[in-house]
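Peer 1: Dropping a structure here in structure tokens format, bear with me for questions.
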């Protein structure tokens, strides 16, 4: 007897619908990771050939995108997969994370159960043509019947940018960084090796928190993740990128020494002062007490002031004024910020606005 399942789209995808025309809508999603991770964050994994691709009538009335139904002849089931014929629905592929299938081609399909539609898949999964699925098939064919625990692994690297450069660079792996793994039943630490890699095995099923202990001078934000181990045969790939960081704060006052709120302050590499800066400079605004703070500057030499940058095609709204209150770049105060510095750069006095 032939069984029929229905499969729609989304799964682990996170859709980003921009407020633009439909053709400009974009798909943004969290990728599914390596095969040993994707297999156990999917509800169904199978290989099969596409028998038919059809539009789902009326689907566009309920959303911005058309839905597509794809009929598969299942060749091999790997995880919770049915036999026989499976119907798979996905988006049209025009910005909705839909996967474009071709009649007659063979695919390895990762899918999720989504009520009331059934199973779902899309470009954020590891779904791919069978000829591109060698790594996946090698893992899926070697899955043991039982396992003692999951594997959590990854790499720690440093990303660095000079304030005078437009782009940052990958400085490579960081050795000796401590990684901590905590779950209700275990707590373990491991250090990264010379290639910046770490690995923890026999991790129990359930919610687990993985954290990195950032050395002094590195940005300590966004270095803790919660992962969900769903099967003792699964894995979880968790990479970390560390950046060196400094902070700088100060105050803007008027000619009478009164604090000025809502003033836009720039931080610019000292060697670019007086020249057109690159477009990556991000200003901050003073609060009601006239205070400003840059909380994540790459270490280097800086000047601070107003009207030091400009947006492409938009003229500056006033003359440049450099801290402490001068109009010539050569007279500006220069601050050398080292990793981990929390510099107080002083008072920027404006005689006019």
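The values are calculated or read from the model by the stated rules, or taken from the named source; none is laboratory data. All figures in this text were calculated on a predicted structure; none of them were measured in a lab. Using ideal geometry, Cβ is built from the backbone for each residue, glycine included, and neighbour counts are taken over all protein chains shown.
Peer 1: What tally of residues in the stretch 271-301 results from selecting those that are closer than 19 Å to residue 350 by Cα and touching a residue at least 40 places away in the same chain (Cβ under 8 Å)?
Peer 2: Total satisfying the criteria: 5.
Peer 1: Just to be sure, is residue 97 within 17 Å of residue 34 (Cβ to Cβ) and touching a residue at least 60 places away in the same chain (Cβ under 8 Å)?
Peer 2: no
Peer 1: Continuing with the same structure: Considering each residue of the stretch 180-209, count those that are in contact (Cβ under 8 Å) with a residue 40 or more places away in the chain and under 22 Å from residue 244 (Cβ atoms), and give that number.
Peer 2: Result for the stretch 180-209: 4.
Peer 1: Residues in the stretch 318-329: is at least one within 29 Å of residue 216 (Cα to Cα) and either in contact with a helix residue (DSSP H, G or I) (Cβ under 7 Å, 6 or more places away or on another chain) or at pLDDT below 95 (or both)?
Peer 2: no
Peer 1: Within the stretch 252-265, can one find any residue that is surrounded by fewer than 19 Cβ atoms within 10 Å (Cβ to Cβ), in a loop (DSSP other than H, G, I, E, B), assigned by TED's automatic domain parsing to the domain that holds residue 344 and under 28 Å from the mean Cα position of the chain (by Cα)?
Peer 2: Scanning the stretch 252-265, I find no residue that is surrounded by fewer than 19 Cβ atoms within 10 Å (Cβ to Cβ), in a loop (DSSP other than H, G, I, E, B), assigned by TED's automatic domain parsing to the domain that holds residue 344 and under 28 Å from the mean Cα position of the chain (by Cα), so the answer is no.
Peer 1: Give the number of residues within the stretch 112-157 that are within 30 Å of residue 223 (Cβ to Cβ), at pLDDT below 90 and more than 27 Å from the chain's Cα centre (by Cα).
Peer 2: Count: 2.
Peer 1: So if I check each of 160, 233, 188, 178, which one is closer than 24 Å to residue 32 by Cβ, surrounded by 14 or more Cβ atoms within 10 Å (Cβ to Cβ) and not assigned by TED's automatic domain parsing to the domain that holds residue 43?
Peer 2: Result: 233 is the single residue among 160, 233, 188, 178 that is closer than 24 Å to residue 32 by Cβ, surrounded by 14 or more Cβ atoms within 10 Å (Cβ to Cβ) and not assigned by TED's automatic domain parsing to the domain that holds residue 43.
For (1) part of a strand (DSSP E or B); (2) under 22 Å from the mean Cα position of the chain (by Cα); (3) closer than 30 Å to residue 295 by Cα, each residue gets a yes or a no:
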site	(1), (2), (3)
181	yes, yes, yes
227	yes, yes, yes
233	no, no, no
236	yes, yes, no
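Peer 1: Looking at (1) at pLDDT 85 or above; (2) surrounded by fewer than 22 Cβ atoms within 10 Å (Cβ to Cβ); (3) within 29 Å of the chain's Cα centre (by Cα), can you tell me which one residue 77 breaks?
Peer 2: (3)
For every residue, the table says whether it meets (1) at pLDDT 95 or above; (2) over 28 Å from the mean Cα position of the chain (by Cα); (3) within 25 Å of residue 158 (Cα to Cα).
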site	(1), (2), (3)
268	no, no, yes
275	no, yes, no
288	yes, yes, no
315	no, yes, no
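Peer 1: Considering only the stretch 202-225, how many residues are at pLDDT 95 or above, within 20 Å of the chain's Cα centre (by Cα) and closer than 30 Å to residue 333 by Cα?
Peer 2: Qualifying residue count for the region: 1.
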